[in-house]
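Working notes, structure below.
The values are calculated or read from the model by the stated rules, or taken from the named source; none is laboratory data. Only a predicted model underlies this, so the values are computations on that prediction, with no experimental measurement involved. Cβ: placed from backbone, ideal geometry, glycine included. Neighbour counts: every protein chain shown.
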C-alpha cells in the first residue's frame, strides 16, 4: 500500500469520488492507494475462502462482502477498507448506511477483520490496530506473507508471519505465527489453518 499524492479530502468527497473503487481508502483525510498486487489478492482470496468455508460449516449468519468500508465514528475523514471483513448479517439492520452503501459505522456487526500487509505496513500494524480496538472488533488478523513489518512486530529475522490480535479489554493481545505453525483463533476455534496454506 502506498500513500497517494497529498490531498486532504473530506469523507463526503472520498465517498463521492472513490467510494466504489476498492483500490482506495481514506485515513485522516489522506487518500491511500492500496495498489493490490496479484499475490496480495491471492492471499486475501484464500483467507476469505477458508473463513467462509468455516462459516458455512458452523451455520453462522455471517457474510464476507466483496467490498466494504468502515467509517469509524471518532474520525471525520477516515474510511478503512479491510482486505477481508466478516459481518453479522442480523446486526447490519441497525447500520444506517448499509441499505444504500456497503459502509458500516460501528463495530457491532463486525465479527472479524483481516488485513494482508503490503508496503505501507505501518497502517496495518499501528493505526488500524488502534482503530479496530476502539471499534471493539474482537479479532483482527495481519497476514504478512512477505515479511514486510518492522522487527518490533514480526521479530528478527524478518520472515512471513500471521499475527492474530484478540481483544482483551481495550487492547489487543497479539500472537505471531510463523510458517508451519497452526493458527489459533477465538472466533474460529475449530479452524485448521497454517500460514503455509495462505501463501501466494
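Scanning the stretch 90-109 for residues that are in contact with a strand residue (DSSP E or B) (Cβ under 6 Å, 6 or more places away or on another chain) and surrounded by 15 or more Cβ atoms within 10 Å (Cβ to Cβ) gives 95, 103, 104, 109. The residue that is farthest from residue 22 (Cα to Cα), counting only those in the stretch 35-67 that are modelled with pLDDT of 95 or more and outside any helix (DSSP H, G or I), is 59.
When the stretch 110-139 is limited to residues that are surrounded by fewer than 20 Cβ atoms within 10 Å (Cβ to Cβ) and more than 18 Å from residue 170 (Cα to Cα), the one that is modelled with the highest pLDDT turns out to be 122.
Could you please tell me which pairs satisfy a Cβ distance under 9 Å, a separation of 6+ or placement on different chains, a first residue in the stretch 154-180 that is at positive phi and at pLDDT below 95, and a second residue that is surrounded by fewer than 19 Cβ atoms within 10 Å (Cβ to Cβ) and part of a strand (DSSP E or B)? Every condition considered, the pairs that remain are 155/176.
Checking the conditions here, which among 15, 87, 69, 80 is more than 18 Å from residue 136 (Cα to Cα) and either surrounded by fewer than 18 Cβ atoms within 10 Å (Cβ to Cβ) or touching a residue at least 24 places away in the same chain (Cβ under 8 Å) (or both)?
Details: 87 fails: more than 18 Å from residue 136 (Cα to Cα); 69 fails: more than 18 Å from residue 136 (Cα to Cα); 80 fails: more than 18 Å from residue 136 (Cα to Cα).
Of 15, 87, 69, 80, the one residue that is more than 18 Å from residue 136 (Cα to Cα) and either surrounded by fewer than 18 Cβ atoms within 10 Å (Cβ to Cβ) or touching a residue at least 24 places away in the same chain (Cβ under 8 Å) (or both) is 15.
Picking from residues in the stretch 18-31 that are outside any helix (DSSP H, G or I), modelled with pLDDT of 90 or more and surrounded by 18 or more Cβ atoms within 10 Å (Cβ to Cβ), the one that is farthest from the chain's Cα centre (by Cα) is 31.
Summed over the stretch 109-136, the residues that are in contact (Cβ under 8 Å) with a residue 24 or more places away in the chain, part of a loop (DSSP other than H, G, I, E, B) and in contact with a helix residue (DSSP H, G or I) (Cβ under 9 Å, 6 or more places away or on another chain) give a count of 2.
Residues in the stretch 68-98 that are touching a helix residue (DSSP H, G or I) at 6+ places or on another chain (Cβ under 7 Å) and part of a strand (DSSP E or B) were compared, and the one that is farthest from residue 13 (Cα to Cα) is 86.
Tell me whether the stretch 138-145 contains one or more residues that are in contact (Cβ under 8 Å) with a residue 60 or more places away in the chain, assigned to a loop (DSSP other than H, G, I, E, B) and farther than 22 Å from residue 91 by Cα. Working first, answer last.
In the first step, residues of the stretch 138-145 are kept if they are in contact (Cβ under 8 Å) with a residue 60 or more places away in the chain; the result is 141, 143, 145.
Still in the running and assigned to a loop (DSSP other than H, G, I, E, B): 145.
Keeping just the survivors that are farther than 22 Å from residue 91 by Cα gives 145.
Checked against the condition, which is being in contact (Cβ under 8 Å) with a residue 60 or more places away in the chain, assigned to a loop (DSSP other than H, G, I, E, B) and farther than 22 Å from residue 91 by Cα, the stretch 138-145 yields at least one hit.
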